[in-house]
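Nothing in this text is a laboratory measurement; each read-out follows from the coordinates by a stated rule. As the structure is a prediction and not an experimental result, all values here were calculated from the model. With ideal geometry, Cβ positions are generated from the backbone for all residues, glycine too; neighbour counts draw on all protein chains shown.
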Amino acid sequence: MRLALVAAVLGTPFQIALGQQPPSAPPAMPPGMSGMPGMGPDSSKTPPAASPAPTTAMPGMAGMSGGAMAMPIPMPKGMPMVPGLIGLTPPVASFLPGAGVDPMKLPVVKPTEVARLKNGDTLDLTAMLLRRTIKGRTFVMYGYNGQTPGPLIRVPQNATIIVRFHNRIDLPSSVHWHGVRLDNRYDGAPGVTQAEVRPGDSFEYRVHFPDAGVYWYHPHVREDIEQAMGLFGNMIVDSPDPDYYSPANREQALVFDDLLVNADTLIPFGKEGPDFALMGRVGSVELVNGESRDTLRAKTGEVVRFYLTNVASSRTFNISFGDAPMKVLASDVSRFEREQRVSSVVMAPAERYIVEVRFEHPGRYALVNAVQAINHFAGEFDPEVDTVGIVTVDSAPATPDFGSDFAALRANAAVSRDIDRYRPYFTKPADKHFTLTVDVSALPLATVQFMDVDTAYYAPVEWVDAMPDMNWLSTSKQVHWAIRDDATGKENMDVDWHAAQGSIVKVQIFNDPKSFHPMQHPMHLHGQRMLVVARDGVPNRDLVWKDTVIIPVGSTVDLLIDASNPGAWMMHCHIAEHLGSGMMTILHVDPAAGPPAK
Amino acid sequence: MRGQITRRLRGSRSRARLSVVALVVGLLGPSGPIGPYDIPLYGTPKAPAANGHGRLVYADSPFGVALTKDGHTVYDIQITAAALPAPSSLGAYSTYVAWAATSDLTQWTRLGSVVNGNSIVGPVDLNKFLLVVTAESDSTSATHAGPTVLHGISPSALLQKFLTKPAFHGIAD
Ligand SMILES: [Cu+2]
């Protein structure tokens with residue numbers, strides 16, 4: 001457990017990276033990595049479809065030996081590999097961080113520190129290579145300021161801070177301030193709001209925090225690599241109201257993630273574009289705050305306020321703390337209208353939830369992710385429970401005792417009042433209809449054969465990667481995820497989508513279950529806030545401002561966007577490999593005075 | 001665990017929610033194309049003309065996707081039924097009740113009352129289940145006793161078993 005983080009959040013001294021000097025020189029960028037985002041296809045080296053395996057081990061695959069390369073993907077227990085896929089490899093060159101760098105010369109990852117900043121403060125944030133040990137295996141990965149998760153930025157609501165970002169990794173990068181309604185030019189979306197920050201370069205962000213809550217920052221370049229390798233961190237924005245949340249004895253940020261490893265090796269990434277393009281990369285090790293088994297201590301009766309963030313590339317979590325009672329207070333950009341008692345927290349990539357948990361009895365509480373996976377070969381559901389942390393509760397009583405506050409469920413009248421002016425628009429016809437779908441080409445024949453017959457039932461949400469072999473062999477060269485504008489048929493960046501600043505935009509998004517490989521999509525809109533007013537025609541009766549919304553297969557969601565923040569804002573799927581396979585568009589919020597003169 | 005959640009969802013708040021949903025569905029109807037999460041409902045010799053379908057929608061949840069603690073999806077079912085005869089025409093019955101049954105028929109859960117037209121029943125949190133509508137003398141009875149008039153299976157029950165099939169070798173015919 002991040003004792004340092006716990007202590008820091010509690011208000012004991014902490015280190016601030018103010019004025020920290022970035023490391024001198026970045027590692028050399030490997031050949032073929034230019035022209036990001038998308039890292040310019042290096043087609044001379046890569047056949048168009050899955051290729052026969054080389055007879056030597058893949059670069060970066062230390063430990064793989066023998067003749068034909070073995071399948072580097074750990075298959076689920078009892079799951080045979082599809083015979084027609086044996087021996088194939090994805091049609092991309094492989095990439096792992098820190099090629100040619102002596103790992104022993106890299107710093108060892110440090111625990112997260114809290115950077116408690118006030119209005120006008122400056123933070124130096126450096127993306128760098130580091131060494132991380134997970135389940136006894138040491139890997140070369142990335143981190144911010146030597147930490148994973150990166151520094152926890154804690155600021156008062158309405159503060160503006162300056163972040164000097166220094167890119168010292170071997171890929172171009174940027175920093176996106178997820179969920180923060182800041183100035184468009186600091187949104188960190190290369191190709192839309194800024195140029196990518198090349199290795200060795202820096203960029204200065206001014207980050208303004210208009211909303212209280214928990215947010216996170218991450219690169220907006222090759223998220224499938226950079227985020228998965230450790231570039232993420234939280235921001236907690238404090239309301240001036242000391243009674244903003246139900247009182248708690250303690251606060252704790254928990255960042256949920258996963259990492260795909262096989263024995264002693266990381267599974268390489270696609271150099272020209274993501275592999276695992278069908279389902280996204282689903283890790284074989286689940287992580288909390290970068291650890292495979294987080295531990296936390298509590299006192300009897302203690303109420304802990306958890307700030308939960310899912311930074312995984314693809315996995316949706318279902319989190320609970322043993323049988324400890326829990327209530328949910330807030331999500332992405334606001335509190336809920338009404339607190340609710342919940343037995344678990346369902347959290348798609350990039351979503352955040354703030355919950356309070358009361359540990360009523362001494363003993364051990366397992367922090368678990370529990371899902372009903374599907375074994376597609378057996379045609380059966382397969383319960384999976386992964387313990388990602390342990391909370392040990394001492395017999396000493398917590399003081400003060402917040403038991404009665406915890407038992408009460410608050411109604412947040414201020415949230416309802418804020419939403420009131422949007423309610424008349426809940427039932428208006430949608431201004432925009434999108435369909436989420438996928439086109440594929442040149443996938444291995446065995447994959448197509450299997451997928452074509454496995455169509456009787458689609459899981460609305462894929463909780464695990466039930467077909468890692470097929471998934472691994474699919475890349476952004478073969479899989480084209482699309483946000484399709486129903487009115488024009490245009491897709492992704494070709495969609496022409498404008499709204500006037502101050503308008504209230506209703507969008508209906510349908511996740512087409514009839515496509516080649518339907519899957520849930522956590523859709524994220526930058527720079528604005530939105531309400532999920534209905535799912536599948538059923539009105540939402542406890543509203544909360546969101547920036548990321550999970551859309552299961554076959555579902556339709558009605559979103560109401562508060563288009564208050566001018567600029568060009570991406571809307572995209574937050575499964576990193578879906579984004580990397582094209583699944584993004586732009587909402588242009590034209591300034592109230594009208595579009596800028598050409 | 002699931003039982004607890006089912007009971008919790010069946011609280012008074014849940015009934016209030018269902019009535020709101022019922023109002024909306026009553027106005028709009030569960031129309032539109034039959035999706036992948038719809039359950040075709042078939043008549044029986046007791047009610048050969050009866051027909052309809054159920055549509056799975058997520059039970060109310062702050063997370064949008066409603067799950068139990070152990071990961072079972074929790075659905076409400078919007079049932080559209082037609083040509084149900086008067087229950088009294090089948091015997092000493094006054095109402096129709098929807099049930100979810102496990103595929104081995106050992107576990108039955110009462111989901112709620114069904115009428116011709118639109119009804120909302122639930123919640124159900126089984127991975128695979130049969131949806132059965134029976135005639136009953138009491139809409140609150142905990143066990144099914146009367147004749148079946150409609151039945152169907154959850155879409156998840158269509159999952160196929162591929163383990164033994166010698167396919168997917170990647171060789172085109
Ligand atoms: Cu997606």
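Given 10 Å bins starting at zero, what is the percent of C-alpha pairs of region A:388-501 in each, up to the one with the largest pair distance?
9, 20, 19, 19, 20, 12, 1
Across 5 Å bins from 0, what is the distribution of all Cα-Cα pair distances for region A:423-590, in whole percents?
2, 8, 17, 22, 20, 13, 9, 6, 3, 1, 0
No solvent, one uniform scatterer per C-alpha: report log10 I(q)/I(0) for region A:80-198 via the Debye equation at q = 0.20, 0.21 1/Å, two decimals.
Normalising to I(0) and taking log10 leaves -1.17, -1.23.
Could you give the Stokes-Einstein D for region A:544-592 in µm² per second, using the C-alpha Kirkwood radius, 20 °C, 1.002 mPa s?
Approximately 170 µm²/s, per Stokes-Einstein.
When Cβ neighbours within 10 Å are restricted to other protein chains, what is their mean count per residue of peptide B:66-77?
Neighbouring Cβ atoms belonging to other protein chains average 6 per residue here.
State, to one decimal in nm, how far the label point of A:ASP323 lies from the label point of A:ALA263, with both points 7 Å from Cα in the Cβ direction.
Taking the simple label geometry, A:ASP323 and A:ALA263 are separated by 4.3 nm.
For A:THR300, which sequence-distant residues (separation of 5 or more, or a different chain) have an amide H within less than 5 Å of its own amide H, given hydrogens modelled in the peptide plane?
For A:THR300, the qualifying residues are A:ASP394, A:ALA396, A:ALA398.
Averaged across A:371-384, how many Cβ atoms of other chains sit within 10 Å of each residue's Cβ atom?
5
If you scale each eigenvalue of the Cα gyration tensor by 5 and take the root, what three semi-axes come out for chain A, rounded to whole angstrom and sorted largest first?
34, 29, 26
In region A:449-598, what percentage of the DSSP-assigned beta bridges are antiparallel, given to the nearest 5?
90
Under 8 Å for C-alpha pairs, at least 6 residues apart: give me the relative contact order for region A:507-598, rounded to a whole percent.
Computed over region A:507-598, the figure is 31 percent.
Go through region A:240-249 residue by residue and turn each phi into a ³J(HN,Hα) via Karplus (6.51, -1.76, 1.60, θ = phi - 60°); whole Hz please, and just put x for glycine and proline.
For region A:240-249, the Karplus-derived couplings read x, 7, x, 9, 4, 10, 4, x, 9, 6 Hz, x marking Gly and Pro.
Can you give the FRET efficiency for A:ASP241 and A:ARG137, using 1/(1 + (r/R0)^6), R0 = 56 Å, r = Cβ-Cβ distance, to the nearest 0.05?
0.80
Given points 7 Å out from each Cα along the Cα-Cβ axis, report the A:ALA396 to B:ALA86 separation in nanometres with one decimal.
7.4
Where the only charges are on Cβ atoms (+1 Lys, Arg; -1 Asp, Glu), what is the dipole of chain A about its Cα centre, to the nearest 20 debye?
Charge dipole of chain A: 900 debye, to the nearest 20.
Quick one: length gained pulling A:HIS361 to A:HIS588 fully straight, 0.36 nm per residue minus the C-alpha distance?
Extra length from A:HIS361 to A:HIS588 when fully extended: 76.5 nm.
For region A:279-413, take every pair of Cα atoms, bin their distances at 5 Å starting from 0, and report each bin as a whole percent.
Going from the shortest bin to the longest, the percentages are 2, 10, 17, 21, 19, 15, 9, 5, 2, 1, 0.
How high is the relative contact order of chain A, given as a whole-number percent (alpha carbon pairs under 8 Å, six or more residues apart)?
The value is 14 percent.
Within 10 Å, count the other beta carbons around each residue, average over each peptide in A:505-517, A:412-424, and list them highest first.
So the peptides A:505-517, A:412-424, ranked by packing, come out A:505-517, A:412-424.
Between A:ALA408 and B:SER94, what is the spin-label point distance in nm, taking each point 7 Å from the Cα along the Cα→C-beta axis?
The modelled label-to-label distance comes out at 4.3 nm.
As a quick test, which of the pairs A:LYS428/A:LYS490; A:LYS477/A:LYS514; A:LYS327/B:LYS128; A:LYS77/A:LYS105; A:LYS135/A:LYS514 have an alpha carbon distance above 32 angstrom in this structure?
The answer is A:LYS77/A:LYS105; A:LYS135/A:LYS514.
What's the average, rounded to a whole number, of partner chain beta-carbon atoms within 10 Å of each residue's beta-carbon in A:359-370?
That works out to 1 on average.
Quick one: check the C-alpha center-to-center distance for region A:481-551 versus region A:333-384, whole angstrom.
Spelled out, the Cα-based centre of one part sits 24 Å from the other.
So for region B:38-157, averaging the separation of alpha carbon pairs under 8 Å that are six or more residues apart and normalising by length, what relative contact order in percent results?
28
Go ahead and run the numbers for FRET between A:HIS498 and A:ILE162, Cβ-Cβ distance against an R0 of 30 Å, rounding to 0.05.
Calculated value: 0.45.
Send over the Kirkwood Rh of region B:38-157, from the inverse of the averaged 1/r over different Cα pairs, rounded to one decimal Å.
When all Cα pairs of region B:38-157 are included, the Kirkwood radius is 14.3 Å.
Report the antiparallel proportion of the DSSP beta bridges in chain A as a percent, rounded to a multiple of 5.
So the antiparallel bridges amount to about 75 percent of the total.
Grab the Cα-Cα distance for A:THR488 and A:THR295, subtract it from 0.36 nm times how many residues apart they are, and report the gain in nm with one decimal.
Length gained between A:THR488 and A:THR295: 64.3 nm.
Let me know the whole percent of all Cα-Cα pairs from region B:34-99 that are separated by more than 15 Å.
62
Give the calculated FRET efficiency between A:ASP386 and A:MET75 to the nearest 0.05, with a Förster radius of 22 Å applied to their Cβ-Cβ distance.
The value I calculate is 0.85.
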